[in-house]
Amino acid sequence: MIKLAKYLKPYLFQVLLAIALLFAQANADLALPDYMSKIVNVGIQQGGVESPIPAAMRKEKLENALLFVGEAPKAAILASYTLVESGSPDYAGIAKKYPSLSGGSVYVLAKNAVLAGSDAGKSLSRSLAEMSFIAKAGSAPAAGQAQSSGSAAPAATPGQSMSLGSGLDFSKLPPGMDLFTALRMMPAAQSSAIIAGIRTKLDALDPMVADQAAIRALRDEYAAMGADTASIQTLYILATGGYMLLLTLISVIATILVGYLAARTAAGFARDLRRGVFVKVENFSLAELDKFSTASLITRSTNDITQLQQVSMILMRMVFYAPIIGIGGVIRAMSKATGMWWIIALAVGILIAIIVTVFSIALPKFKSIQKFVDGLNLVVRENLSGMMVIRAFGMQGHEEKRFDEANKKLTDTMLFVSRVMVVMMPVMMLVMNLVSLLIIWVGSHEVANSAIRVGDMMAFMQYSMQIFFAFLMMSFMFIILPRASVSADRVAEVLAVEPAIVDKAKPSALPEKVRGLVRFDSVSFRYHGASEDVLHDISFTAKPGETTAIIGTTGAGKSTLVSLIPRFYDCTEGSITVDGIDVRDLVQKELREAIGFVPQKSNLFSGTVESNLLYARASASKADMEKALETAQALDFVMEKDEGSGVEIAQGGTNVSGGQKQRLAIARALVKKAPIYIFDDSFSALDYRTDTKLRHALKEEVGGSTVIIVTQRVATIKNADRILVLDEGRLVGSGTHRELMESCEVYRDIAQSQLKKEELA
C-alpha cells in the first residue's frame, strides 16, 4: 500500500478532514458513557445535586458546618457567601425559590465565588459530610428540632449512647438542645475532642462515601428550605440527556461526512490508479507486454484496484477511529474503576490471541486468491476468444473441466477464509458477553464495598464494549489488509516497470517533408532474456516510390524485423534510420505518425466503420475515407449497408469476416496518408482476385510512399521492386523475383511450392 501512497496525495486534505471528523466522532462516542454515569450517579442517586458546595444555606446550618472548619478556610468560605436577611432587597426572590425559609436569614453563594476544587471548598464539603455523619450516628434532637433541620436521619432511641471520641451521650442532652449548641457551650478542650473523634471516624471511610454524605446533607438542606428537589433532579437528568442527544447528533453527522469523504477519496484513488496503470501499459513496448499475460493485466486493472478501493474506504473509516476508541476507552474505563483494570487486560489479551491465530491461518490463503483469480480469468478469456476452435474440435467437455478446476481452487480458498471468519466472530462475541458478566459480578462487589458507584460500573461496561468493538474493527482490517496488500503489490509491480523504449531528453526531429527512406544498417536483435539473436546482421534500404517485400519461412523473423521500424522493439545492434535519422533519436509519437501500419492480426474497435477509419487521422474528410475504402476494396461491402460508413462494428470486429476485417484495417492505414506503409502479412485472408486488385490500387494510391510488405505468398510480391528473403533470422537473398529465382534457393523453393511452372517466369 505504501508504494501507491503517491496516488493519495491529491486527496490529502480530504483524508485530514476525515481524520479530524473521526476524532470528533470518537470523542463524542467516548463521552456518552460518562454522561450516562452522571445520570445514574448524580441524577438518580444524588437527586440532581452535582456539587457539594451549597448554592444557598440557612444561617444556623452554615454556622454549624463552620464548627468543623479551621480559621483560614472559615474566612474564605464566609467571604464567598452573602448573608441575606428578611429585610434585604433580594430576600423576596430567594424566598420564592426556598419558600420554607419563613423569614429566616440565609447565606447565598456569590456569583463570582470559586469554591469548588479549592481548599476552602474541600473543607466545607468535608464539614457537610461530618454533619451528615452526626445525623446518621443518632443525634436525638428535642421536639421540633428535626423539623427545623430537615434531616432525614432517624432519632436515637431513648437511652441510646453513641461515643464520638469523648464519651458524650446524646440521650442526656437537655430538651431543645442539639449537638451543635452543646458543642458551643462546652469547654474548648472537650468540644475539640468530640470534633476530633468525628473526623477520625470519617477519615476511616472511603472518600467517595464522604462525598456522598456531603451531597446527602446538602440535599436535605435544600429540602428543609422548601426547594423543589424533584424539579432539580428532573432538570439535571433532562439537561444531561440533552447533552447526550447533542453528542449523538455530532457523532451521526461526523459518521455521514466521514463516509462521504471516504467514498470520494477511495473512488478518486481507484480512478487515478486505473488511469496510471492504463497509461503505463500503453507506454509498454512489446518487450514489457511479454512479461504480463493479458488476463493478468485485466485482473490487475479491475479486480485488484477494486479491492484497493474498498480497502481504502474501510481504512479511512476504521484505521483512525478504532485506535482512538480503543485507547480512549481504556483511559476512561480506568478512570471509572481502577480496580477492574485486569478485566480489560484479560479481554484484550484473548482478543489479540484470536486475531493472531486467524491472521496466521488466513494470510497464506489471501496470497493465493488473486493468483487463482488470474487463472480463472485466463481460462475464461481463452474460451471466449477460441470458442469456434473449441466447438470445431469438440473440446467443450475438456474446457469445462479446465474451468471447473480453476473455479474450484478459487471457491475452496474463498470458502476456507469465509469459514475462518465465521468461526472468529461468534468466538469474539462469546468473549465479549463473558466479559460483560464478569464486569457485573466484580462490579457489584465493588459497589457493595463502596469502591465505585453504580453509574461508574455501567460506564465501565460500556467502555469495555467500545474497546471490544475497536478490536473487532482492527481484526477486520487485519483480515482484509493481507489481500489488499497482495493486490497493491500486483498493481505496483505494473507501475514499477520502466519501459525499455523511451524518448531521449533531447530528441531529433524529422524534416517537415518526410521522404520515407528507411535504412537498416547491420541490424541484429534478440528478445529480453534470450541467449541468441533472432535477427542477424541485416542491412537493406527501402526507398520512397518503391515496394519492398519481405518473405521467408514461418519463424524466419519477418514480423520482428518490421516491428523494429516503429520501435515496438529496439534493435540490439546496428541502426535503423528514417531519412537519415536514427529512429531511437526520434520522438515515438512523431515517428509513428509517419508510418501507416497494418499488423498481422487486424484489430478493429467497437464503434462504426467511420470511427475506426478516423482512428488513423481524426481530421480525415468523408472523401478521404471513401477513397481509402475504395483502394482497400472495402467500399462495396460497406456501402451496401443502409448505414454506410456508420455501420456498427462489434468489439474485435467479430461481425465482419476475416477478409473484410483486413481490408478495413488497410483502409484505416491508408486514411493516414503516411510517407511509410508497413503491411505485416495483411493480405493473407484475401482471395487472389481481391489481392490483385488491391495491389494495383495501392500502387496508384501510395506510389510515392515507401511500401514494405511482409507475406508468405509469392504471388502477392511477385512484382515488388525489391524482395528480401529471410531464413532463420538472416538475410539470404535480395532482388527482384527473376533475380531471386536464379540466385536464392530458399526463395526458389517457396515459389515453386506455391506457383505453377508458367507462373514462375
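The values are calculated or read from the model by the stated rules, or taken from the named source; none is laboratory data. Note that the structure is predicted; figures quoted are calculated from it, not measured. All Cβ positions, even for glycine, are placed from backbone atoms using ideal geometry, and neighbour counts span all protein chains on display. Each accessible area value is taken on the protein alone, full model and side chains, heavy atoms only, with ligands, DNA and RNA left out. Shrake-Rupley method; radii C 1.70, N 1.55, O 1.52, S 1.80 Å.
Points to keep in mind about this one:
- Any hit, region 226-242, residues being within 30 Å of Phe568 (Cβ to Cβ) and either outside any helix (DSSP H, G or I) or out of contact with any Cys (no Cβ under 8 Å at 6 or more places or on another chain) (or both): no
- Taking region 524-565 as the range and being closer than 20 Å to Asp503 by Cα, surrounded by 19 or more Cβ atoms within 10 Å (Cβ to Cβ) and not small (Gly, Ala, Ser) as the test, the residues that pass are Phe525, Val562, Leu564, Ile565.
- Verdict on Lys136 being modelled with pLDDT under 75 and not in a loop (DSSP other than H, G, I, E, B): yes
- Single unsatisfied condition, Ala751 versus (1) assigned to a helix (DSSP H, G or I); (2) open to solvent by less than 10 Å² (accessible area, probe 1.4 Å); (3) more than 19 Å from Phe637 (Cβ to Cβ); (4) touching a residue at least 60 places away in the same chain (Cβ under 8 Å): (4)
- Pair list, Cβ < 7 Å and 6+ apart or interchain, from region 252-272 residues that are without any contact (Cβ under 8 Å) to a residue 12 or more places away in the chain to residues that are part of a helix (DSSP H, G or I): none
- Count of region 101-120 residues which are in contact (Cβ under 8 Å) with a residue 40 or more places away in the chain, within 11 Å of Glu85 (Cβ to Cβ) and assigned to a loop (DSSP other than H, G, I, E, B): 2
- Subset of region 331-357 [farther than 23 Å from Met425 by Cβ and part of a helix (DSSP H, G or I)]: Ile331, Arg332, Ala333, Met334, Ser335, Lys336, Thr338, Gly339, Met340, Trp341, Trp342
- Residue match in region 7-14 (condition: closer than 18 Å to Met225 by Cα and surrounded by fewer than 21 Cβ atoms within 10 Å (Cβ to Cβ)): no
- Residue count for region 90-131 satisfying the condition of being open to solvent by 40 Å² or more (accessible area, probe 1.4 Å) and β-branched (Val, Ile, Thr): 1.
- Residues within region 58-72 that are surrounded by fewer than 20 Cβ atoms within 10 Å (Cβ to Cβ) and in a helix (DSSP H, G or I), tallied: 6
- Filtered residue count, region 715-748, keeping only those that are surrounded by 16 or more Cβ atoms within 10 Å (Cβ to Cβ) and free of Cβ contacts under 8 Å to residues at least 12 places away in the same chain: 1
- Residues that are at pLDDT 70 or above and hydrophobic (A, V, I, L, M, F, W, C) within region 172-182 comprise Phe180, Ala182, listed in sequence order.
One line per residue, one yes/no per condition, for (1) assigned to a helix (DSSP H, G or I); (2) within 30 Å of Tyr35 (Cα to Cα); (3) at pLDDT 85 or above:
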| position | (1), (2), (3) |
| --- | --- |
| Phe460 | yes, yes, yes |
| Phe468 | yes, yes, no |
| Ser475 | yes, yes, no |
| Pro482 | yes, no, no |
| Val491 | yes, no, yes |
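- Residue match in region 412-434 (condition: surrounded by fewer than 18 Cβ atoms within 10 Å (Cβ to Cβ), of a type in the set (Asp, Glu) and either out of contact with any helix residue (DSSP H, G or I) (no Cβ under 9 Å at 6 or more places or on another chain) or assigned to a helix (DSSP H, G or I) (or both)): yes
- Selection count, region 73-89, where residues are among the β-branched types (Val, Ile, Thr) and open to solvent by less than 20 Å² (accessible area, probe 1.4 Å): 2
- Tally of residues being more than 30 Å from Met421 (Cα to Cα) and either among the hydroxyl-bearing types (Ser, Thr, Tyr) or in a loop (DSSP other than H, G, I, E, B) (or both) across region 362-390: 2
- Subset tally (residues that are polar (S, T, N, Q), out of contact with any Lys or Arg (no Cβ under 8 Å at 6 or more places or on another chain) and under 19 Å from Ile94 (Cα atoms)) for region 211-269: 1
- Scanning region 451-472 for residues that are open to solvent by 40 Å² or more (accessible area, probe 1.4 Å) and either under 19 Å from the mean Cα position of the chain (by Cα) or among the polar types (S, T, N, Q) (or both) yields Gln462, Phe469.
- The residue list Ala448, Ala459, Ala470 contains one member that is over 30 Å from Val423 (Cβ atoms), of a type in the set (A, V, I, L, M, F, W, C) and touching a residue at least 12 places away in the same chain (Cβ under 8 Å), which is Ala459.
- When we screen Thr248, Thr240 for residues that are among the hydroxyl-bearing types (Ser, Thr, Tyr), open to solvent by less than 20 Å² (accessible area, probe 1.4 Å) and within 50 Å of the chain's Cα centre (by Cα), the only hit is Thr240.
- Considering each residue of region 556-564 in turn, at least one proves to be small (Gly, Ala, Ser), farther than 30 Å from Ala505 by Cβ and touching a Leu at 6+ places or on another chain (Cβ under 6 Å).
- Which listed residue, of Lys336, Lys365, is closer than 30 Å to Phe468 by Cα, crowded, with 19+ Cβ neighbours inside 10 Å and of a type in the set (Lys, Arg): Lys336
- In region 1-57, the residue that is nearest to the chain's Cα centre (by Cα) out of those that are modelled with pLDDT of 85 or more, part of a loop (DSSP other than H, G, I, E, B) and among the hydrophobic types (A, V, I, L, M, F, W, C) is Val49.
- When we screen Ala322, Ala347 for residues that are over 20 Å from the mean Cα position of the chain (by Cα) and either buried (at least 20 other Cβ atoms within 10 Å of the Cβ) or at pLDDT 85 or above (or both), the only hit is Ala347.
- In region 280-300, the residues that are among the polar types (S, T, N, Q), part of a helix (DSSP H, G or I) and surrounded by 18 or more Cβ atoms within 10 Å (Cβ to Cβ): Ser296, Thr299
- Some residue of region 8-23 being under 26 Å from Thr234 (Cα atoms) and among the aromatic types (Phe, Trp, Tyr): no
Let's see how each residue does on (1) within 21 Å of Val106 (Cα to Cα); (2) β-branched (Val, Ile, Thr):
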site: Tyr35; (1), (2): no, no
site: Gln46; (1), (2): no, no
site: Ile53; (1), (2): yes, yes
site: Leu62; (1), (2): yes, no
site: Leu67; (1), (2): yes, no
site: Ala76; (1), (2): yes, no
site: Tyr81; (1), (2): yes, no
site: Val84; (1), (2): yes, yes
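- Output for region 482-494, where each listed residue is under 30 Å from Leu564 (Cβ atoms) and crowded, with 18+ Cβ neighbours inside 10 Å: Val494
- Residue in region 592-607 that is farthest from Val647 (Cα to Cα), counting only those that are modelled with pLDDT of 90 or more and not charged (D, E, K, R): Ala594
- For region 211-221, a residue qualifies if it is open to solvent by 20 Å² or more (accessible area, probe 1.4 Å) and more than 14 Å from Met57 (Cβ to Cβ), and the qualifying residues are Asp211, Gln212, Arg216.
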